[in-house]
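The values are calculated or read from the model by the stated rules, or taken from the named source; none is laboratory data. Just so it is clear, the model here is predicted, and its values are computed rather than measured. Backbone-built Cβ (ideal geometry, glycine too); neighbour counts: all protein chains shown.
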Amino acid sequence: MFRGTILARKLTLLASAVVFVLVFSVKIRLHGQEPFYKGKSIRIIVATSAGGGFDTYTRIIARHLSQHLPGNPSVIVENMPGAGYLIGANHIYKVAKPDGLTMGHFQGGLFLEQLLGRPGTEFDALKYEFIGAPVQDNRACAFTKASGITSMEKWMAAKTPVKLGGIGGGAPDDIARMLKAALGLPIQLMSGYKGTTEIRLAAESGELAGGCWTWDSIRATWSKAVESGDAVVVLQILPKPHPELPKVPLAINLAKTEEARQLIKVGIQDMRKAFQETMNDAELLGDTKKTKLDIEPVTVEELERLWGISSNSTLLWYPNLRRF
């Protein structure tokens with residue numbers, strides 16, 4: 001899935017809302033009226049706590065989004081962490097007005113939770129408008145040096161389950177469950193943290209050994225520890241090595257069966273246009289370079305195609321994940 005799946009609520013509650021919104025937007029321009037977003041405020045809800053990768057991406061994007069939207073609205077960022085992105089995602093769907101002014105930023109894998117019937121899921125992803133994603137997920141597992149897990153050999157040889165931080169759903173939890181199911185790694189998932197910031201702090205205090213989320217976030221927010229050797233990346237969950245992690249083993253290469261390998265693989269128009277333009281904004285790219293965040297945009301068409309594939313697929317591997 002993809003980091004930063006950014007959504008906007010439909011402009012009406014009717015099932016045909018998409019068509020109505022697009023026609024309505026065009027009418028405004030043809031009649032010479034003011035841009036839809038002029039004099040308004042856009043709120044971006046980040047479904048994680050402040051200081052993590054999601055929050056950092058969102059605040060950088062928010063600084064540059066307005067100049068690419070007709071009417072140059074103000075953009076406000078609000079953190080709404082909890083329940084593995086569900087509190088934020090449910091709020092956007094159930095509470096936020098469907099007026100095109102509320103966006104959400106959370107882990108794209110959350111939509112699979114809807115397919116899997118996760119308790120507490122109160123949204124229908126098919127009724128969101130996909131806007132885009134700033135980067136594809138490059139997932140990895142990192143541990144503190146003090147935990148003793150400084151290589152895959154040491155992880156696999158651990159006498160007791162290694163404590164990994166989770167947030168109740170999404171990337172950290174999904175990766176941990178997948179690795180336990182596919183590779184049989186000794187893992188004890190400790191859920192309930194509000195975000196990766198809290199997971200990092202818990203690891204540094206010795207409460208956890210580490211966690212698994214995206215390399216982009218690890219590099220941007222845990223860079224000093226990684227550079228000093230106080231934190232070590234021991235595994236990457238990618239089809240091929242990340243250029244910055246050439247010597248870190250791939251999870252798929254450790255899978256011993258084909259089943260395990262398959263388990264591992266597994267104003268709307270204005271807003272979409274503005275989001276894509278923002279992804280190419282020179283100042284934004286400068287900001288992300290300073291904070292060591294990658295920008296590798298995923299188009300709305302690709303997101304919708306992937307969601308269509310996922311929502312119509314039979315998830316044969318789900319019983320395996322459900323055990324953990």
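A few comments on the model shown:
- Across segment 196-255, the number of residues qualifying as of a type in the set (Lys, Arg) and over 18 Å from LYS145 (Cα atoms) comes to 1.
- Taken over segment 172-185, residues that are basic (Lys, Arg) and assigned to a loop (DSSP other than H, G, I, E, B) amount to 0.
- First in segment 206-232 and closer than 22 Å to GLN188 by Cα, second anywhere and of a type in the set (Phe, Trp, Tyr) and not in a strand (DSSP E or B), Cβ under 7 Å, 6 or more apart: ALA231/TRP222
- Listed conditions (1) modelled with pLDDT under 85; (2) within 17 Å of the chain's Cα centre (by Cα) are all met by ASN79, apart from (1).
- Flag: LEU22 does not match the condition of being hydrophobic (A, V, I, L, M, F, W, C) and modelled with pLDDT of 60 or more.
- Residue count for segment 76-92 under the criterion of being surrounded by 20 or more Cβ atoms within 10 Å (Cβ to Cβ) and closer than 23 Å to LYS273 by Cα: the result is 2.
- Only one entry in ALA176, ALA133, ALA182 is surrounded by 24 or more Cβ atoms within 10 Å (Cβ to Cβ), more than 19 Å from GLY84 (Cβ to Cβ) and touching a Leu at 6+ places or on another chain (Cβ under 9 Å), namely ALA182.
- Unique residue being closer than 13 Å to GLY84 by Cβ and either in contact with an Asp or Glu (Cβ under 8 Å, 6 or more places away or on another chain) or outside the structural domain of GLY117 (by TED's automatic domain parsing) (or both) when the list is ILE218, ILE167: ILE167
- Considered as a group, the residues in segment 137-159 that are in a loop (DSSP other than H, G, I, E, B) and touching a strand residue (DSSP E or B) at 6+ places or on another chain (Cβ under 8 Å) include one that is nearest to GLY229 (Cα to Cα), and that residue is THR150.
- Qualifying residue in segment 275-292 (condition: touching a helix residue (DSSP H, G or I) at 6+ places or on another chain (Cβ under 9 Å) and modelled with pLDDT under 70): yes
- Of the residues in segment 121-142, at least one is modelled with pLDDT of 85 or more and more than 27 Å from LYS289 (Cα to Cα).
- Some residue of segment 186-195 being assigned by TED's automatic domain parsing to the domain that holds ARG219, in a helix (DSSP H, G or I) and closer than 14 Å to CYS141 by Cα: no
- Applying the condition of being touching a strand residue (DSSP E or B) at 6+ places or on another chain (Cβ under 6 Å), closer than 26 Å to ILE295 by Cβ and assigned to a helix (DSSP H, G or I) to segment 198-215 and asking which residue is modelled with the lowest pLDDT yields TRP215.
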